[in-house]
1. Need one number: % antiparallel among DSSP beta bridges in the range 5-164, to the nearest 5.
2. Count the lysine pairs in the range 5-164 whose Cα atoms sit under 16 Å apart, keeping only pairs 8 or more residues apart in sequence or on different chains.
3. Which of 17, 186 has the fewest other C-beta atoms within 10 Å, and how do the rest follow up to the most?
4. Suppose we look only past 25 Å in the calculated P(r) of the chain. What percent of the Cα-Cα pairs does that tail hold?
5. When Lys and Arg each count +1 and Asp and Glu each count -1, what net charge do the other residues less than 11 Å away from residue 295, Cβ to Cβ, add up to?
6. What is the spread of the Cα atoms of the range 5-164 along each of their three principal axes, largest first, in whole Å?
7. Give, in nm to one decimal, the length gained when the segment between residue 293 and residue 205 is fully stretched (0.36 nm per residue of separation minus the Cα-Cα distance).
8. With charges set only on the Cβ (+1 for Lys and Arg, -1 for Asp and Glu), what does the dipole of the chain come to about its Cα centre, in debye to the nearest 20?
Amino acid sequence: MAERIGFIGLGIMGRGMAANLLKAGFPLTVWNRTTTRMQELVAEGAHAGASPADVAERSDIVVICVSDTPDVQEVILGERGVIHGARPGSLVIDCSTISPKATREIADKLAERGVFMLDAPVSGGSEGAAKGTLSIMVGGEAEQFARALPVFQAMGKTITHVGGHGAGQTVKLVNQVLVVGNCIAMCEALMFAQAGGVDLRKTYDAISQGAAGSWMFTHRAPQIIARDWRPGFTIDLQQKDLRLVLEAADELGAPVLITSLVFQLYRTLQARGLGNEGNHALIKALEHLAGFQIEPAS
Ligand code: NAP
């Protein structure tokens, strides 16, 4: 019989992920802090839980996708948290992006009650969540990874067991170091092209398929050239992930020069009220320093 699944956190990501679990035929209980956000899934056949503890009581596996480290701590360890309803032998899967160190601490607290945990942060954005094509990086015991595989397969495409508790979160932060490194390189290159007086669209056509190409350049350079700041991933969430990288790098003694620089540049954009724009709006920080702007050719 399929394991009973609970899902906590029906935000931009969680909504699509939970809907895909329902589509795959898992019995599903959901909970969201803002309760109106549960209606859509309940209409599709999910049961509405009364609290995270209640979801855990009704489930064998509880999937969580909330914002930040303190939020995961609250829904698992808080007054009405998962830990108060979970039976020994049940499994908690955290798909939020949070601190690797806090993840290990939470896993230890759950283990004291005989409850298993996997950290399983995702990448692929709201589109990947809706389509069930997420990349999922998983940390924790191999037996629990094998147990959870059908759940992951309902939500994602590239599913990799990368190590013990916290390793999934560490790999997700590696992903974020690369994302912002690619982003600042793209912004600097476009500013240089603008200063050089070349047509930006022709520049894009000439180089995007070559050795300098990247996912970031292919998808976000056209948006920058069109001055379209709609987010695939917001500056505020990007900044949260960079804060996690800087904290972890500090603990580990690893130098992260570019990530530190980009963190400060995003801070200037947040101070200007641009936290809801896409992470490619990083170029606005360079424009401010340079005193000129990217101008689409007419
Ligand atoms: P979101 O749309 O802002 O949703 C956040 C969810 O967390 C909401 O359901 C919110 O409940 C809930 N929540 C926050 N704090 C809570 C608390 N203290 N107690 C209970 N519930 C709480 O965010 P999202 O984009 O889905 O992101 C969720 C996670 O996935 C984040 O860790 C993010 O970094 C990661 N992620 C996001 C993307 C992306 O492209 N968006 C991609 C990869 C990974 P309410 O509805 O009550 O506010």
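Just so it is clear, none of the values below were taken in a lab; they were calculated from the coordinates. Given the structure is predicted, the values throughout are model-derived calculations rather than measurements. Cβ sites come from the backbone with ideal geometry, for glycine too, and all protein chains shown count toward neighbours.
1. Numbers: 3 of 27 bridges.
Expressed as a percentage, antiparallel bridges in the range 5-164 total about 10.
2. Details: 23/131; 23/157; 101/109; 131/157.
The result is 4.
3. Working: 17 26, 186 22.
Taking fewest neighbouring Cβ atoms as first place, the list is 186, 17.
4. Values: 22440 of 44253 pairs.
In whole percent, the share of Cα-Cα pairs in the chain beyond 25 Å is 51.
5. Details: positive: 227; negative: 199, 287.
Net of charged neighbours comes to -1.
6. For the range 5-164, the Cα spread along each principal axis is 37, 33, 25 Å.
7. 29.6 nm
8. Values: 26 positive and 30 negative charges, 96 e Å.
Approximately 460 debye in magnitude.
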